[in-house]
Each structure stands twice: as structure tokens, then as C-alpha cells.
Amino acid sequence: MSDAPPYIQGMNNCIKSFLVATMALVSFEAQAQDAAFAPVSADQVVMADLLYLKRAVVVFADSPNDPNYIRQLDLLTRDTAALVERDVIVITDTTPKPPSALRQQLRPRGFSLVVLDKDGQPELRKPLPWDTREITHAIDKFPSRRAEMLQQMPAGR
């Protein structure tokens, strides 16, 4: 490489610098997405504060040791970028007594996965864990999500 002209050697240094900067940016974005994704306990959430800002994916279980609950959280952490892109907040509730406001409103039995739209209305209820891909495909069918996608890409009309 020492036989190469100086402008080629300089380009290699630029490319190396660019790759290092790109890798740092990707790492930073991944950390930001993971931080934005962190599940929140139901007793720490005021649903009125999320109205028209976030979609809620609520995971109910009677115990934090429920295998379905553990599997669901594992499935959700596999593709956090898709959830962040759709303005999803993951809410967990594993204490049936005393019931949280969300538990009283949605009335789950045992393990339950409930997806709420930005207007706070339940759009999807599932008695078994769902993959992030399945959840995001369901969210993409919501009228509010379709409107968001049209605003982001108006050529898609």
C-alpha cells in the first residue's frame, strides 16, 4: 500500500474514518431504540398522557414467572426498531391484586396481549404470545397508522 499515490492513501484514511463514524452512529441509534423500548409497569403509566401520542402494547400475566409472559417479552425485544417506528410503548402488568386501572379497563384473564391504538381503544386481543412481526403487521392495518404512512410517503396514494 506504500506504493500507492498519496491521494489513494488519503482516501483510505477517509474511508476508515467514515466507517468508524458510521459504526458509532449505528451503535448509538441501537442504544437509543433500546432505551426508548424499555417496558413500563402499568402502575407507572397514565393512559391520558399517551392519548394520540403512543400506541400501547399491554402484556398482562398473573405472575412475572408466567412462561407466556416471559416468551412475549423475549419476542418483543427481538425487533425494537419496528416498534419504535410505530410509536409503540410496551406496558406490563403482572400483579392482578390490586388491579391496576388498565387491568380494570381491559379485564384480562391470565396471560393476555392487548394492542391499543393511539386513541386508547383496544384494537387487538390475543391469549398467546405474538411475534413483533405479527404485531406490527396488525398495527399497519389500523386506520391511524395508514394515515401516518400516507403523510410520511404521500406518493403512495
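The values are calculated or read from the model by the stated rules, or taken from the named source; none is laboratory data. Computed from a predicted structure; not experimentally measured. So basically every Cβ, Gly included, is an ideal-geometry build from the backbone, and we count neighbours across all protein chains shown.
At a glance:
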| read-out | value |
| --- | --- |
| Leu75 being at pLDDT 95 or above and under 19 Å from Ala42 (Cα atoms) | no |
| Index of the failed condition, Val115 passing every other in (1) more than 15 Å from Leu53 (Cβ to Cβ); (2) in a loop (DSSP other than H, G, I, E, B) | (2) |
| Index of the failed condition, Met149 passing every other in (1) within 17 Å of the chain's Cα centre (by Cα); (2) modelled with pLDDT of 95 or more | (2) |
| Pair list, Cβ < 6 Å and 6+ apart or interchain, from the stretch 70-98 residues that are under 15 Å from Phe111 (Cβ atoms) to residues that are charged (D, E, K, R) and surrounded by fewer than 18 Cβ atoms within 10 Å (Cβ to Cβ) | Leu75/Asp131; Pro96/Asp62 |
